[in-house]
Amino acid sequence: MKIENPFETGHIRNYILLYASVVVIMILFFFASTLFNEVKEVETKKFSTELNATMQAQTQRKQEEQKHKEARKFRLLDKAY
């Protein structure tokens, strides 16, 4: 059994046509997906800038600790070695 050369028998044209048709179909699907894709508007989220009760309590506690640190006779180190 002899293997035929596809370049001599003309089969290469069929392979090129098959490849080109697959590429054209991919391009058509890409355009169809971009044309019929509806873009939805996304609402922007706005966060509250007001402090809630827990945040206010934490800031008050930090201020009291700061005052308490300043009232001490000896200053302690921030880090223990």
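Okay, residues lined up against (1) of a type in the set (F, W, Y); (2) open to solvent by 100 Å² or more (accessible area, probe 1.4 Å):
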site	(1), (2)
F7	yes, yes
A20	no, no
F30	yes, yes
L35	no, yes
V42	no, yes
K46	no, yes
T59	no, no
K69	no, yes
L76	no, yes
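Just the residues that are in a loop (DSSP other than H, G, I, E, B) and among the acidic types (D, E), please, taken from the stretch 28-81.
Step one: filter the stretch 28-81 for residues in a loop (DSSP other than H, G, I, E, B), giving 36-52, 72-81.
The answer is E38, E41, E43, E50, D78.
Restricted to the stretch 9-18, and to residues there that are of a type outside the set (A, V, I, L, M) and open to solvent by 100 Å² or more (accessible area, probe 1.4 Å), the residue that is farthest from the chain's Cα centre (by Cα) is R13.
The values are calculated or read from the model by the stated rules, or taken from the named source; none is laboratory data. In this text, all values refer to a predicted model and were calculated from it rather than measured experimentally. What goes into the accessible areas is simple: the full protein's heavy atoms, side chains included, and nothing from ligands, DNA or RNA. Shrake-Rupley method; radii C 1.70, N 1.55, O 1.52, S 1.80 Å.
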